[in-house]
1. At a 1.4 Å probe radius, which order do TRP398, TRP323, TRP405 fall into by accessible area, largest first?
2. Taking amide hydrogens as modeled 1.01 Å from N in the peptide plane, which residues meet the under 5 Å criterion relative to GLN207, leaving out close sequence neighbours?
3. Could you do me a favour and compute the accessible area per residue for the chain, 1.4 Å probe, result in Å²?
4. What value, in deg cm²/dmol to 500, does the helix sum -39500 (n - 2.57) over DSSP H runs of n ≥ 4 give at 222 nm once divided by the residues of the chain?
5. Please turn the phi angles of segment 177-191 into ³J(HN,Hα) values with the Karplus equation 6.51 cos²θ - 1.76 cosθ + 1.60 (θ = phi - 60°), one per residue in order, whole Hz, x for glycine and proline.
6. Mind listing the phi-derived Karplus ³J(HN,Hα) values for segment 51-63, rounded to whole Hz, using 6.51, -1.76 and 1.60 with θ = phi - 60°, and x for any glycine or proline?
7. Whole-Hz Karplus ³J(HN,Hα) for segment 81-89, in order, using 6.51 cos²θ - 1.76 cosθ + 1.60 and θ = phi - 60°, x for Gly and Pro?
8. Name the cysteines of the chain that stand alone by the Cβ rule: no other cysteine Cβ under 4.7 angstrom.
Amino acid sequence: GGGATARARTRMVEAGVWADNQVLGRRYPIGCVSLEITQRCNLDCTLCYLSEHSESTKDIPLGEVYRRIEMIRLHYGAGTDVQISGGDPTLRKKDELLAIIRKIREKGLRPTLMTNGILATRELILAMTEAGLNDIAFHVDLTQERKGYATEVQLNEVRKKYIERARGIPIAVIFNTTVYDGNFREVPELVKFFRENCDVVGMCSFQLQAETGRGVLRKRAEVITLDTMVEKIEAGAGAKVSFETVRIGHPSCHRYGLTLQAAGKSFDLFDNTEFFSLLIEKTKTLELDRARPARAVVAMLKWFASNPSIFLPGFKFFAKHLWRMKGALLQSQGKVHKLSFFMQNFMDASGLEKDRVHACSFMVMTGEGPMSMCLHNAKRDEFILKPVTLESEPGKVWSPLTGKWTGEAVPESVRESSPQI
């Protein structure tokens, strides 16, 4: 873990994005790692990052999934966020999905399920939570072409159904939205919806359109940028949201803002870069439980009490915010919810930038090791079509196109080579 954090810091320095407010290389060795357990999906999105061959490939063997989980642990250490993804991971057998979640948790990692929600019943969410799931991220937007919905506002009916499925379960709930020309103008309305449901929803994440994968929509409209997305989010929040205070990897790739919601009003929490830069450095070993906000608050308060050097600036910071929120706190009888906003600016497959790939905070664990998500999407077939060998199956090769093991000797090209990047 310590070595991985040091390596991340070196990458940030080499990419020219190291700063006092940079969390990669200081608090975390990586933002998250995607673990793709299937290439199958029950939707056909117009902006799909999968390849034309994805539906033809079989689910990788459970032993290979476990091996990749171990690789994540070895590369990045305990506490790493692992996104169980695909395709849609709920298409794997239930017992296998639960076993994967348990294995991730056993390794000291934090599992998140990435799903379109179609098969994510409350019963399954409860079972996954019992197995150790930390977060669930529902992806809902117009690019999925769900029948009967012509606008994002209409799709709130689906989002509301998913929110109710997760209500009361000790799990962090996230919503993902792909932003393109067809829904860009509706972003403020989406933000308002998430604010209205912030008692369950803790984060809304917006992925900007990229020309990659098998999707039929290609070039992104020039009006859709990280800066114009800030304007749309702030319009929906009814308040300024500071997206420059905390840096996660390359600033051209991500933006992150955090608000407190009380009595229908938004309050920007990241409005003091100097204080948060100090906090990031001082709390780099502090673990907070996203799924249980009350525990996270108690842990933070205990930490402040045991760190007198930051107690005074912390007291001033929070006293200022409490005073600013006093009217809303009285109106809401002290009820406050956290709602964070995240933006992911994926690169086109034909427009990868070396420094952004080098400073990537969003990796995919392949059979050969971790790979930048954007680079992986650009070269997906080189990874998903490669045969698998396992120590538990000596002398055998698993074919991703047939899903079968052969008893033939392992070809040298399979045993020794890796995709040329």
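The values are calculated or read from the model by the stated rules, or taken from the named source; none is laboratory data. Remember, predicted model here, so these are calculated numbers, not experimental data. Here the Cβ is made from the backbone with ideal geometry for all residues, glycine too, and neighbour counts use every protein chain on show. Remember, those area values only see protein heavy atoms, side chains included, never the ligands or the DNA or RNA. Shrake-Rupley method; radii C 1.70, N 1.55, O 1.52, S 1.80 Å.
1. Accessible-area ranking of TRP398, TRP323, TRP405, largest first: TRP323, TRP405, TRP398.
2. Under 5 Å from the amide H of GLN207 lie the amide H atoms of THR177, THR178, VAL179, GLN344, each far enough along the sequence or on another chain.
3. I get 45 Å² per residue for this part.
4. -11000 deg cm²/dmol
5. Computed from phi, the couplings for segment 177-191 are 9, 7, 9, 9, 4, x, 9, 3, 5, 8, 3, x, 5, 5, 4 Hz.
6. Taking θ as phi minus 60°, the curve returns 9, 5, 9, 4, 5, 8, 8, 8, 5, 4, x, 4, x Hz for segment 51-63.
7. 7, 10, 8, 7, 9, x, x, 10, x
8. Taking the Cβ cut-off of 4.7 Å, the unpaired cysteines of the chain are CYS32, CYS41, CYS198, CYS204, CYS253, CYS360, CYS374.
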